[in-house]
Amino acid sequence: MNSKTHNYWDLLQVVVALVGAVLCMVLFLIAQPVDLHRHNLLMSYVTQLQRDEALLGEEVMRLDYQIANDYDRMTAIATRLRDTTRELRAGDVASSMRQDKPFERQLQLLEQRLKLKFEALEVFKSKNSILKNSFIYLPHLRDVLQKSLRPGDAIHERLDQLIELLLLQNSNASVLDRGHLDDLIVALENDTKGLPTSKLQQEFNVLLRHARLVISAAKELHGIQMQLSNPESGEGLSEAYNHYYDKQVLDTAEHRTFLLLLMVSLLGYAALSFFYWWELNAREKSRRLKLAAAVFESQEGMVVTDANNVILRVNRAFTRITGYTSEEAIGQTPNLLRSGQQDMAFYAAMWDDINRNGAWEGEIWNRRKSGEIYPEHLTINTVKDSGGQVTNYVATLTDISLRKAAEDEIKRLAFYDPLTGLPNRRLLLDRLQHALRSNKRSKNNTALLFIDLDHFKSLNDTLGHDVGDLLLQQVAKRLSACMRKSDTVARFGGDEFVVMLADLSEDPSEATQQAEAVGKKILTVMNQPYQLGEHQHHSSPSIGVTLTQGPQSSTEELLKQADIAMYQSKKSGRNSLHFFDPSMLDAPSQPDTE
Amino acid sequence: LNADQNLSNNRVRSATPLPQVSYLGTLWKQLRSRRVLLVYVLAVAVGFGIYFLGGANPVLPQAAAPSQPPLSMADPEPITPLPLVMAQRPEKVELGRRLFHEAKLSGDGTVSCASCHSLSSAGVDRLPHSRGIGGQEGGINAPTVFNSGLNFHQYWDGRAESLEEQVDGPLQNPLEMAGTWPQAVAVLTQDSSYRSEFAALYSDGIQPKNFRDAIASFERSLVTPNSRFDRFLRGEHAALNETEREGYRLFKRIGCVSCHQGMGIGGNVYQKLGIMEDYFAQRGEVNAADFGRFNVTQREEDRFFFKVPSLRNVALTAPYLHDGKAATLDEVVRIMARYQLGVRLQTNEEAAVVAFLRSLTGEYQGRPLQ
């Protein structure tokens, strides 16, 4: 997974978690059926309404039976009913309810009913006052009138009857016999005209007026009382609200289920994320371990020791290089590998370096399990804890014996002729220089024999280079075979060979004889027929010899002299040997071709 | 050997580079860093602190229980004394008092509430009909503002159900203050002291509803307790003399108390003017103001019905009745007895009732009302 998509994936995870959390909060908010504060207030208002209407009915009864004799309490209850209704209508508490149609309808019904009720209440109070007044007045008036009337009179009887009936209907309006009362009043009205004084007539008229007021008020009051003592207020409202509440509860139950599901899934998501992260960590750790192991199991031998240099772990490359398995190595110290090639001073210096620099690198000789001594490249590093104390040493070792061999090969390629295996011109010059230098000390003489194969070019041209190479190799072998160990046979280039004879006698003439003997031998050996594949071949050399003349001779000079002498042999008909003679320098210049 | 080394190098390099640490891993690392952890713990602590100390306390709210009117099985007296203390917020009362006396609120800046309801003259103007802006005569007698908070409705015809509702009437009546709300609000807003006083009491500052609230608060504070009659009711028998006590007895016996009852001695019931005899037929010149409650309800049975006025401080609020036709207490007692009760009182009885009525004068701010 590339890092960009990785980032997007992480972002997506975070967004998903955030959206889930926000959804949770929203669900939590709407999972409440109603605002608790408003719910309680509303319930208390509805309860208040019901209670107040009951109280109002009760107060009507109290006034009716004259237990109460003022309207303050009734007024207070009515005012509170009105205020409660207004609060439900316009207040903050029922604001959420006004969208609910049944509740709204019930509230309207309540308002209409209360409006009628309040009107009825005012009528009740007015009529009740009149009745009360009349009932205070009637007995008093009767007393006054009866004093002025003779008992037994028809008018006296009728008056008594009227007042009794009126007082009776005060306690129970339903027994009112209106017809009878009306008859009585009409009869009394007629009686009034026969009364002796106008003052008495006036009193009587007042009484009859009261009677009529009582009759009309009582009838009206009866109906009103029924209306006023009916405490159904708030029933419908309460029902509507309960219905609304139930609906809300059902709705929110669904939300709560969603909320629960969402929370459970969020929890699951969190757990999943945690495990994902856990696993990622574990995988990461094992990958690192694997990587470390892979690094450890490299081609280089590795040794881990503790601070006391005891081997804790080695890798397979170590076993391959040293021959010791890890079982054999663990618990030992690296002294196991000591070859004895380095002295104690070397090791002391090495440890000194490690302790000072924390690392050492170099090449040392060690001994394999097989006893073979081999060169290795060794790197030692220290591992320190956070306190700076050495906890481990880690050594990396590379077997460089192969490298050494390679180095030898490179050297060989540089100093030897690959075709014949003979030293090349460079090595010859090197050795010649050596020889000349040692001649200075030893006073020995050195001879150079410059050998050129006759007609070698024509062989190459006729039979090919492969055959020519074969001849060169066989020549080289024959030359090498007849030389001493201290002599050098070199291929100088093409078909030219140079033989250096070191450590010849101090005496020049004796040295000349020695050189001549070798030259002759070479002539003989090289004139033997060659078997070049299927071809029988005969080859002869032209040889030029020179001797060092004293310590001042230079290599170039000697080679030149030998070359000149070899040309002399060519000139003299080939297959011969000539010594250098200074007079040859005066001879005509060498021919360009052989 | 070289080849081998290269190979091993390549192997190291080709091994997957350290995989990106996942976001959650980073988050976890951040969480583990002490500072982030500390911030997190602090945030949680603050959250819980707010939850426990703050308003989130889920205590079930209690509905403010409206005060329950006192219930007694049988009041021995139909009249109850005024409370000695009327709890109103003093700042609101003071703001209301200022507004009550503020003439700038009227159309021409000459008339205030106090013009017709002067506190120094028992809350009335002592005119048969009040005079408003430009000396115009209104159609009705001004009732006293004292104890107006005890009235169940306001105005003679009860067209305002509360003091707050009542405020709009005189302010906007072209015959009275002839003001408008926008003008009133603008006038008050120009005054920095009004601005600060309103701001101190109401979060939304100068508003008609706050204006009404302040005025009503002030008016509710205008109670006149401690009248001699109240002291008598509280058991101080000697607070009334013999004549006055006789007057009270008569007041109850002849039926005055049927309507004039309760704490306000009236002010909580409508009654027809002219129960026993037709008052208006006798008086003549019936006008719309005489229709009373009918003007509000348009119900025929409410014609000539008026709010029974409170009799507290009645001795100081002449002239009487909605039309201001009764100039003296004797006169109004006679009218009431005749038209409402069908009673003709003896001279001594009338004097006793009047004496009783004079004992109803209470105190405002510790001094007897003038």
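When only alpha carbons are used to place a centre, region B:171-244 and region A:221-272 end up 43 Å from one another. When the pairs A:Lys404/A:Lys560; A:Lys132/A:Lys199; A:Lys101/A:Lys127; A:Lys411/A:Lys520; A:Lys125/B:Lys325; A:Lys193/B:Lys252 are compared against a 28 Å limit on Cα-Cα distance, A:Lys404/A:Lys560; A:Lys101/A:Lys127; A:Lys411/A:Lys520; A:Lys193/B:Lys252 fall above it. Our coupling estimate for region A:183-194, obtained by passing each phi through the Karplus curve with A = 6.51, B = -1.76, C = 1.60 and θ = phi - 60°, is 4, 4, 5, 4, 4, 5, 4, 5, 4, 4, 4, x Hz, Gly and Pro reported as x. Rounded to the nearest 5, the antiparallel percentage of DSSP beta bridges internal to the protein assembly as shown is 95%. Among B:Asp213, A:Asp251, A:Asp466, sorting on how many other beta-carbon atoms sit within 10 Å of each Cβ, with the fewest leading, yields A:Asp466, A:Asp251, B:Asp213. Note on the protein assembly as shown: dipole from Cβ charges, positive end direction compared against A:Phe204, A:Ser458, A:Leu49; the farthest Cα belongs to A:Ser458.
For region A:274-418, place one equal point scatterer on every Cα, skip the solvent, and apply the Debye formula. What is log10 of I(q)/I(0) at q = 0.09, 0.16 Å⁻¹? Values returned for q = 0.09, 0.16 Å⁻¹ are -0.37, -0.93.
Using Cβ contacts closer than 10 Å as the measure, can you line up B:Lys272, A:Lys125, A:Lys199 from fewest to most?
Going from sparsest to densest Cβ surroundings: A:Lys199, B:Lys272, A:Lys125.
Looking at the square roots a ≥ b ≥ c of the eigenvalues of the Cα gyration tensor of region A:273-312, which shape do they give, rounded for a/c under 1.5, prolate if a/b is larger than b/c, or oblate? Oblate is the answer for region A:273-312, as a/c is 1.5 or above yet b/c matches or exceeds a/b.
A Cα-only calculation for region A:1-157 places Rg and Dmax at 32.4, 128 Å.
Counting other beta carbons within 10 Å of each residue's own, what order do A:Glu327, A:Glu557, B:Glu102 fall into, fewest first? If you can, show how the numbers build up before the last one.
Details: A:Glu327 9, A:Glu557 13, B:Glu102 19.
Neighbour counts put them in this order, fewest first: A:Glu327, A:Glu557, B:Glu102.
Positive contributions from Lys and Arg (+1) and negative ones from Asp and Glu (-1), summed over other residues with Cβ under 12 Å from the Cβ of A:Leu337, come out at 0. Shown in residue order for region A:508-525 are the 3J(HN,Hα) couplings computed by the Karplus curve 6.51 cos²θ - 1.76 cosθ + 1.60 at θ = phi - 60°: x, 5, 5, 4, 4, 5, 4, 5, 5, 4, 5, x, 4, 4, 4, 4, 5, 4 Hz (x for Gly and Pro). Taking amide H as placed 1.01 Å from N in the peptide plane, the amide H of B:Met86 sits under 5 Å from none that are at least 5 places away or on another chain. Centre-to-centre, using Cα atoms only, region A:6-41 and region B:293-363 are separated by 69 Å.
Each stretch of four or more DSSP H residues adds -39500 (n - 2.57); spread over every residue of chain A, this sum gives -22000 deg cm²/dmol at 222 nm. The Cα center of region A:202-216 and the Cα center of region A:495-556 differ in position by 185 Å.
Suppose every Lys and Arg Cβ carries +1 and every Asp and Glu Cβ carries -1, with no other charges. What dipole size does the protein assembly as shown come out with about its Cα centre, to the nearest 20 debye?
Its charge dipole is roughly 1020 debye.
Computing Rg and the Kirkwood Rh from the Cα coordinates of chain A gives a ratio, Rg/Rh, of 1.78.
Shown is the FRET efficiency for B:Ser196 and B:Arg126, computed with R0 = 35 Å from the Cβ-Cβ distance and rounded to the nearest 0.05: 0.45. Residues whose amide H comes within less than 5 Å of that of A:Ile373, counting only those at least five positions distant or on another chain, are A:Arg368 (H built at 1.01 Å from N in the peptide plane). Converting phi to 3J(HN,Hα) with the Karplus coefficients 6.51, -1.76 and 1.60 and the offset θ = phi - 60°, region B:99-115 yields 5, 4, 9, 8, 6, 4, 6, 7, x, 10, x, 10, 10, 10, 4, 5, 4 Hz in sequence order, with x at every glycine or proline.
Which angle between 0 and 90 degrees, to the nearest 10, do you get for helix A:101-148 versus the longest principal axis of chain A when only C-alpha atoms count? Here the helix axis deviates by roughly 20 degrees.
Note on A:Val14 and B:Trp181: the model spin-label points, each 7 Å out from Cα along the C-beta direction, lie 5.3 nm apart. Each of A:Asp177 and A:Asp153 was given a label point 7 Å from its Cα along the Cα-to-Cβ line. The distance between the two points is 2.5 nm.
Scattering from region A:438-505 was approximated by placing one identical point on each alpha carbon and applying the Debye formula without solvent; log10 I(q)/I(0) at 0.12, 0.13, 0.18, 0.28 1/Å stands at -0.39, -0.44, -0.70, -1.21.
A short reminder: the numbers here are calculations on the coordinates, not readings from a lab. All of these numbers come straight from a predicted model, not from anything done at the bench. Quick reminder, even Gly has a Cβ in these numbers, built from the backbone with ideal geometry, and neighbours come from all protein chains shown.
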